[in-house]
Structures are given as structure tokens and as C-alpha cells.
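In what follows, a single structure is set out as C-alpha cells and then discussed.
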Amino acid sequence: MNSLKTVVFAAIAAIAGASPAAAQVEIETPKAAFILYGKISDGGWTLAQEKARRDLADQFDMDIPYVENVASTNEAVANVLDLYISRGYNVLIGGTYGFSDGFLAAAEAHPDLAFVNISGVTKAPNLESFYARTYEGWYLAGMAAASASSSDRIGIVAAFPLPYVVWDVNAFALGAQSVKPGIETVVTFTNSWSDPVKETQLAKSLIENGVDVLATAMDSTAVPVVAEAAGLHSIGYKSDMSSAAPEGMLTSVVYNWSGALIPIFEEIKAGSWESKGSPLYGMQEGVIEVLELRAGVPADAAEKIAEARAQIEAGTLSPFEGPIYAQDGSLKVAEGAQMSVEALWGSDFLVQGVQGNLK
């Protein structure tokens, strides 16, 4: 856990720090390859990147190889990158912050190549590490969950209490409160990215405590499976999880990484690409999507969610516009103000209306 916190602090410093000096990377014939942290069969994080790989291959009519299950060590990352580079690949795409140092070392050693790392925290003139404004999708998911809840008590099983997870939990709660101000959101953390056994146990515990809509912020589909077996509604994450809960799933908040990767690749082909450092891409760029609402979301609620979606995409609605209060009643965001990117990366509190703690 301490090592994860160290990485998060590095991410905050990377975002707050100076952007890399602008420098166009000129690649005559782009050849891309993917390096993936997990298995493409995980149903969530890595599957979303596999979908982006296929989208990229289809869009540019090219073969794009990949290696899955690559450990988050500098040695493992270097071995795979060196192999691809020796075979003439010049656009290297990674898929986790754990690859950050390995990608930076390779980018510095090969300034004529392009490196992109999804959720990475390092940057260079030829290395862009981007992530997503996932909280935008979770705000809409919270609206859907609240509209389908009879007990006015919804729950979410999340991974680690880290800023980019906490902002999802808070946005989920705030979205729900925009529909039902008094609704309660219960959060439990697994302290793992994927632990189906623990996720199952926590989901059952939430149900025993009166939760009637369950959301997962994990890689696996364990939570929706539990909800489905209990005849309850659920929210999926990272990839479309409706196949795990065909009757009860309301929607899934999904990554569409091709929304960022296709424009990057187009710029590389045109010889105009410059690393943007560590940007956040969201619904405006099509990187975060909320899938079509399914049975269980009332028609009037669906209309309100559609309106909110349009406002987020237009940049006129922020899930973190004040006033926002923490659990202890302290004011975190003043009325009319919005949380800055730096403040979001430092998210260390749960909003009022959330039950649970950052442990």
C-alpha cells in the first residue's frame, strides 16, 4: 500500500510539474505494439485496452501485436520494449502506471520513437502518459443507481483508497444525491485491483446491510454476479459487464481508450505529434462512456441523465462543483467553485452521504 501511495504522489508531482519541451517525433512508417499488464480475459481494465488495440488496428488497417501479463518491474518492461524495438516497432503503447519508469527509460534511450502509457505518471518529449476523467461517468452512474433504488441505500466495491479511486466513489455519491438528496452510498475497499472472492464477500455484506443497487469499481465481474443472483440492480466498470448480469445491470462506465489513441496515432502518421505530458481525457474526447441505460432506470430519470451527459460533454457541468462537504462536515469546495485537477489528484476525503472510510 505504501508503494502505491508513493506512485500516487509521483503522479501528482508529474501533473503539477512542467510539461515536457515540445518536440515533434517524425516517424515515416508507424508500427505500433501494445504491452499489457493483465490478461485480456480479465473482463475489465486489460480488456478495455485490448478493445482499443483492435480499434486502432481496424482504423489504420495494420497488424498490432501485444504481450499480456507483463509484470510491473523495470526489468520486465525493458525486456518487452527492447524486443519490440529490435523488431522495428516505433510506437510503443503501455497500459499501467507500473510501467512508468520503464517507459521513461526507454523514451530517453530512443528519442526518435513514440511512447504512450495509459495511466502512467512519467512524461518526456516523446512520452505521453494519460488517464481519464472517470468521475464524469461515475456521476451519471450514480444518478442511474439512485433512480433504481427503493431502499435509498446504494453501494460500491472499490479497489484501493487512492485519489483516482476516491474521486469515482465521491462522484458516484454526488450523482446519486443530485437525484435523491438524502440517499446513502456505502463504500468498501478491497485493497486489491482484482479479488473476486473478497469482492463477492463484500457484495453480500452490502446486501445484508440494505443496499439494493451494487456498483463495482474493480476489474472482475464478481459484484454484478452477486447482485444478479440476489435479483438486484448493478453498475459495471471499465468494460461492458452486462453479460455477467443480463437482467439487473443498469449500465457500465467504460474506457474507450481509442478515443485518445486514434488521434495520437493520426498525429504520428502526419508527423505532427507532440507529447502532451500527462493529460486527462474524458467524455468530451470520448475516452469515458456510459453505456446505454437498461431496464430499471425510469424514463424520467433517463431524460435527466441524458441532459447531464450533454452538459458534461459540453463542459458546462462538473461533478465536483461546490458546495461540497466532507463526511465530517468540513467545506471542501466552495459554492460556485470547482475542484482543480491538482485537488482531484489529492482526493483524500469522502463526501457527505457516504458511509465507509479510507481504509
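The values are calculated or read from the model by the stated rules, or taken from the named source; none is laboratory data. None of the values given here were measured: they were computed from a predicted structure. Reconstructed Cβ throughout: ideal geometry from the backbone, glycine too, with neighbour counts over all protein chains shown.
Figures for the structure shown
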| read-out | value |
| --- | --- |
| Any hit, the range 100-118, residues being at pLDDT below 95 and more than 20 Å from Val25 (Cβ to Cβ) | no |
| Number of positions in the range 316-357 that are farther than 24 Å from Val157 by Cα, under 20 Å from the mean Cα position of the chain (by Cα) and of a type in the set (Ser, Thr, Tyr) | 1 |
| Those residues of the range 215-235 which are under 22 Å from the mean Cα position of the chain (by Cα) and not small (Gly, Ala, Ser), in sequence order | Thr216, Met218, Asp219, Thr221, Val223, Pro224, Val225, His233, Ile235 |
| Positions within the range 335-352 being part of a loop (DSSP other than H, G, I, E, B), crowded, with 21+ Cβ neighbours inside 10 Å and in contact (Cβ under 8 Å) with a residue 40 or more places away in the chain, in sequence order | Ser347, Leu350 |
| Selection count, the range 287-310, where residues are farther than 18 Å from Lys180 by Cα and either surrounded by fewer than 16 Cβ atoms within 10 Å (Cβ to Cβ) or assigned by TED's automatic domain parsing to the domain that holds Lys51 (or both) | 3 |
| Sole exception among (1) surrounded by fewer than 20 Cβ atoms within 10 Å (Cβ to Cβ); (2) touching a Gly at 6+ places or on another chain (Cβ under 9 Å) for Ala260, by number | (1) |
| Count - residues of the range 327-348 that are hydroxyl-bearing (Ser, Thr, Tyr) and either modelled with pLDDT under 95 or closer than 12 Å to Trp167 by Cα (or both) | 2 |
| Residue among Val179, Val253, Val187 that is in contact with a helix residue (DSSP H, G or I) (Cβ under 6 Å, 6 or more places away or on another chain) and surrounded by fewer than 24 Cβ atoms within 10 Å (Cβ to Cβ) | Val179 |
| Counted residues, the range 65-79 - those being out of contact with any Gly (no Cβ under 9 Å at 6 or more places or on another chain) and outside any loop (DSSP other than H, G, I, E, B) | 3 |
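Rundown of residues vs (1) under 19 Å from Asp61 (Cα atoms); (2) among the polar types (S, T, N, Q), yes/no style:
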{"residue": "Leu261", "(1), (2)": "yes, no"}
{"residue": "Lys269", "(1), (2)": "yes, no"}
{"residue": "Ser272", "(1), (2)": "no, yes"}
{"residue": "Val290", "(1), (2)": "no, no"}
{"residue": "Ala295", "(1), (2)": "no, no"}
{"residue": "Lys304", "(1), (2)": "no, no"}
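Each row is one residue, and each column tells you yes or no for (1) among the β-branched types (Val, Ile, Thr); (2) assigned to a helix (DSSP H, G or I).
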residue	(1), (2)
Ala146	no, yes
Ser150	no, no
Asp168	no, yes
Val186	yes, no
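Per-residue answers, yes or no, for (1) assigned to a loop (DSSP other than H, G, I, E, B); (2) surrounded by fewer than 24 Cβ atoms within 10 Å (Cβ to Cβ):
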{"residue": "Asp101", "(1), (2)": "no, yes"}
{"residue": "Val116", "(1), (2)": "no, no"}
{"residue": "Phe160", "(1), (2)": "yes, yes"}
{"residue": "Gly175", "(1), (2)": "no, no"}
